[in-house]
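Scroll down for the structure; my scribbles are underneath it.
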Amino acid sequence: MLELTQTLNASDRVHHEIEEVLATGRTAWQQYLFFKSRAHGVCVALDGDLQSCAADEGLYHEALVHPAMLSHPAPERVLIMGGGEGATLREVLRHPTVTEVVMVDLDEEFVGLCKSLIPDWAEGAWNDPRLELRHEDIAAYLDHASGGFDVVVGDLIDASDAASPAAGLYGPEFYARLATALAPGAVVATQAGPLDPTGLAGHRRVRASLNGVFSRVLSYGVYVPSFTGLWGYTIAGTADLLPGGVAERHALFELRTQERGIGLVHTGPEALAAAFALPRALTRVLEAGA
């Protein structure tokens, strides 16, 4: 039986059995693997790291997109960084206030493979007239971007390793450049690696970078079964970004999902509100490095 093996920390590994290889190869930028799992359905891996699986990608993408979109009173212009599978785009476009989405993903070949092999993940979003799809380096794009984005969603590859080529896209210089492309009151959200007490360096690095640019930075997490743990995200913006209590956040998310006619079938307003209430042991470590 073929397997995809990932290292979780200094002592633990996880093995994903591969039922069938759908496509594998290398683009100009990364190694890709599309495969079927008996437990998780069709899965996508890049450079040996699992990115998404059909069975729970809805959990991951709803948690990535909607806290930021719902915290903004009327998001119109949205920037997506990465997100080649099309699922982040799908979730952003659920919001009827959105008039324009610029999606910047460097790897045109990988996006093409996703359109071909997992077209249902996007649910038609690739053909939405509100989309401007660009294949270039996100840092280069920001040099000539027109700006005025209300929400930015980062669905880039994980950068827990400080030596990763993607590490710069989570650094303070990058976020300072990104801030110049934002509208007043804008919200930035990004995936930020596992919330694992044995390996929080990557998440803490993202928080520290955002804290150097934005007035308020919050961490939150949801359990993603195919990732075998609590997956972390960050959201950043102004000081009044989100209410402090779970009940208040729940009320806000509930109100805006109803106003916008959005059904969050994988998470829901209450679960997203509670996702910010992290265990104290994690919070102490995160805040120590904030």
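Since every read-out is calculated from the coordinates, none of them should be taken as a lab result. As the structure is a prediction and not an experimental result, all values here were calculated from the model. Cβ atoms come from the backbone with ideal geometry, glycine included; neighbour counts cover every protein chain shown.
The alpha carbon centroids of segment 1-35 and segment 261-290 are separated by 28 Å. Over the chain, the ratio between the Cα radius of gyration and 2.2 N^0.38 Å evaluates to 0.94. The mean sequence separation of alpha-carbon pairs under 8 Å and at least six residues apart, normalised by the residue count of the chain, gives a relative contact order of 15 percent. Might you report the magnitude of the Cβ-based charge dipole of the chain about its Cα centre, with Lys and Arg at +1 and Asp and Glu at -1, to the nearest 20 debye? Around 760 debye, computed over the chain. Would you work out which of V44, V101, F253 lies farthest towards the positive end of the dipole of the chain? Charges go on Cβ: Lys and Arg +1, Asp and Glu -1. Ranked along the dipole, the leading option is F253. In segment 57-288, taking the dipole from charged Cβ atoms about the Cα centre, the farthest positive-side position among A274, Y141, Y60 is held by A274. Only the Cβ atoms of Lys and Arg (+1) and of Asp and Glu (-1) were treated as charged; on that basis the dipole of segment 24-102 about its Cα centre amounts to roughly 200 debye. As a proxy for reagent exposure, S52, S37, S209 were ordered by neighbouring Cβ count within 10 angstrom, fewest first; the result is S37, S209, S52. Averaging the Cα positions of each part gives two centres, and for segment 169-190 and segment 106-129 these lie 25 Å apart. Can you bin segment 116-210 into rounded, prolate or oblate? Criterion: square roots of the alpha carbon gyration tensor eigenvalues sorted a ≥ b ≥ c, rounded for a/c under 1.5, prolate for a/b above b/c, oblate for the rest. Oblate shape, in that a/c is at least 1.5 and b/c is the bigger or equal ratio. Exposure proxy shown here: for T283, T228, T88, the number of other Cβ atoms within 10 Å sets the order, fewest to most, as T283, T228, T88. By the rule of a second cysteine Cβ within less than 4.7 angstrom, the chain holds isolated cysteines at C114.
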